[in-house]
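S.K.: Mind having a look at this structure? Questions to follow.
The values are calculated or read from the model by the stated rules, or taken from the named source; none is laboratory data. Here the structure is a predicted model, which means the values were calculated and not measured. With ideal geometry, Cβ positions are generated from the backbone for all residues, glycine too; neighbour counts draw on all protein chains shown. The accessibility values were calculated without ligands, DNA or RNA, using every heavy atom of the protein model including side chains. Shrake-Rupley method; radii C 1.70, N 1.55, O 1.52, S 1.80 Å.
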Amino acid sequence: EFVKSQARSSPDLFQRSLLYKLVDGHPEKITADLIGYAAKEQDAFVLAKLEEIGVPYCKCGNLADLCAYTSGPGAELWARWLAKKQMNNFQQSLIYEYAKGKVENISTRHLSEAAQHNDPFALMILDQVTFYLAYRILHLSADLGLDKFIIGGGFALNAGGPYFNSLRKNLVKLYHSS
């Protein structure tokens with residue numbers, strides 16, 4: 001609904017977007033699937049609106065799914081969003097130095113390196129992105145009776161200990177609150 005209302009209130013921006021073409025100029029036809037597709041295609045209007053309300057998206061076009069929160073690209077987008085929202089914390093972080101002071105330069109490599117140096121901002125980001133994975137792991141464990149999980153992926157493995165420490169911390173926190 002937010003994107004629909006923004007399409008109506010900012011018709012000039014909306015008309016220059018891929019989303020406009022996808023819905024033939026009719027905001028009422030906007031769906032989450034079309035927003036996701038437009039995000040995947042890097043539609044500036046859609047990306048700005050998703051960022052404005054803090055909805056993560058996956059580069060595959062899914063909105064607010066597990067990979068949008070916990071994958072490397074998802075963590076990178078989340079770190080950029082948080083850096084804009086918490087500029088003071090970002091500026092005091094090693095990530096700021098690694099990214100040469102530019103939010104758009106933040107990468108998973110910067111996040112991983114800063115976390116390995118116990119950077120508070122980087123560790124906070126890891127805590128947030130691993131929360132959703134911990135939540136899903138507990139659900140799968142309860143639903144299927146699994147007691148072992150294999151975590152893979154370049155970002156998790158490159159971040160190493162800090163990533164897995166954060167994941168364990170979230171698992172314990174969620175387990176004890178359920």
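S.K.: Under 15 Å from the 7 Å Cα→Cβ point of ALA48, by amide nitrogen: which residues of segment 1-17?
M.R.: 3-17
S.K.: Something else now. Can you compute the charge dipole magnitude of segment 50-167 about its Cα centre, using +1 on each Lys and Arg Cβ and -1 on each Asp and Glu Cβ, nothing else charged? Give it in debye, rounded to the nearest 20.
M.R.: On the way: 9 positive and 11 negative charges, 37 e Å.
Here segment 50-167 has a charge dipole of around 180 debye.
S.K.: Oh, and also: Order of 65-73, 83-91, 116-124, 2-10 by packing, highest average Cβ count within 10 Å first?
M.R.: Working: 65-73: 20.4, 83-91: 14.4, 116-124: 17.7, 2-10: 16.1.
Descending packing order for the listed peptides: 65-73, 116-124, 2-10, 83-91.
S.K.: From the gyration tensor of the Cα coordinates in segment 1-105, what semi-axes in whole Å does the equivalent ellipsoid have, largest first, with each one equal to sqrt(5λ)? Write out the running numbers ahead of the final one.
M.R.: Values: eigenvalues 156, 44, 22 Å².
One finds semi-axes of 28, 15, 11 Å for segment 1-105.
S.K.: Mind checking Rg over Rh on the chain, alpha carbons, Kirkwood formula for Rh?
M.R.: Values: Rg = 18.0 Å, Rh = 17.5 Å.
Ratio value, two decimals: 1.03.
S.K.: Then there is this: Taking θ = phi - 60°, what integer Hz values does the Karplus form 6.51 cos²θ - 1.76 cosθ + 1.60 yield along segment 48-62, in sequence order, with x for Gly and Pro?
M.R.: Once rounded to whole Hz, the list reads 5, 5, 5, 5, 4, 9, x, 9, x, 9, 9, 5, 7, x, 7.
S.K.: Just the number please: accessible area per residue for the chain, 1.4 Å probe, all protein chains included, in Å². Intermediate results must be reported in sequence, preceding the final value.
M.R.: Working: 9940 Å² over 178 residues.
So the chain comes to 56 Å² accessible per residue, rounded to a whole number.
S.K.: So how do 153-163, 104-114, 167-177, 135-145 stack up, highest first, on mean other-Cβ count within 10 Å? Please list the in-between numbers first.
M.R.: Values: 153-163: 17.5, 104-114: 20.0, 167-177: 14.2, 135-145: 12.4.
The most tightly packed comes first, giving 104-114, 153-163, 167-177, 135-145.
S.K.: Using a Förster distance of 35 angstrom, determine the FRET efficiency expected from the C-beta separation of ARG136 and LYS100, and round it to 0.05. Numbers along the way, then the final one.
M.R.: Values: r = 35 Å, r/R0 = 0.99.
Taking R0 as 35 Å, the efficiency between ARG136 and LYS100 is 0.50.
S.K.: What does the charge add up to near ALA114, with Lys and Arg as +1, Asp and Glu as -1, over the other residues with Cβ less than 13 Å from its Cβ? Each step should come with its number before you reach the end.
M.R.: Numbers: positive: ARG109; negative: GLU76, GLU97, GLU113, ASP119.
Taking every Cβ under 13 Å from that of ALA114, the sum is -3.
S.K.: To continue, here is another question. Can you return the lysines within cross-link range of LYS100? Criterion is Cα-Cα under 30 Å, with same-chain partners fewer than 8 residues away left out.
M.R.: LYS40, LYS49, LYS59, LYS84, LYS85
S.K.: Can you give the three extents of the C-alpha atoms in segment 50-99 along their principal axes, from longest to shortest, in whole Å?
M.R.: The Cα atoms of segment 50-99 stretch 32, 21, 13 Å along the principal axes, largest first.
S.K.: Report in % the part of the accessible area of segment 21-155 that belongs to carbon and sulfur, leaving out ligands and nucleic acids; probe 1.4 Å. List each step's numbers first, then the result.
M.R.: Values: 3800 of 7230 Å².
On segment 21-155, the fraction of accessible area on carbon and sulfur atoms equals 53 percent.
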